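Asker: Pasting in a structure now, in structure tokens, and then I'll have a few things to ask.
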Amino acid sequence: MARTRGENIAIGFMILWLVIWAGGMMIVLYGLSSAVASGEPMAMLFMTVWLGGAGFGLLMGARKLRGLLLTPGGLPRRGRDTAWNDGVSGGRDGPPPPPPV
């Protein structure tokens, strides 16, 4: 199945984003090694926490890229916000209508 132009753009953007993000992580890793060498504990702590968050972002980006590459037709769209009426009063849309008589 041929990919649409939008899917190709999404795949290219994710690849570019992952490369730039990983490059930023390498720069911070270099800074972390400099902080370790100079013995700066606050810089080490900050960069370690940042690298943990950035690693999570990199993992989520890689999972999305994998989904874009392996799912025919692209990833499924998110569901719409549905106004539920399950009989619970005081919901987001106000109280439910009274039952028919």
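The values are calculated or read from the model by the stated rules, or taken from the named source; none is laboratory data. Quantities reported herein were computed from a predicted structural model and do not represent experimental measurements. Cβ placement follows ideal geometry from the backbone for every residue including glycine, while neighbour counts extend to all protein chains displayed.
Asker: Restricting to the stretch 4-25, count the residues that are more than 20 Å from the chain's Cα centre (by Cα) and either without any contact (Cβ under 8 Å) to a residue 40 or more places away in the chain or loosely packed, with under 11 Cβ neighbours inside 10 Å (or both).
Answerer: Number of matching residues: 1.
Asker: Give the number of residues within the stretch 34-83 that are surrounded by 10 or more Cβ atoms within 10 Å (Cβ to Cβ), at pLDDT below 85 and not small (Gly, Ala, Ser).
Answerer: Of the residues in the stretch 34-83, 2 are surrounded by 10 or more Cβ atoms within 10 Å (Cβ to Cβ), at pLDDT below 85 and not small (Gly, Ala, Ser).
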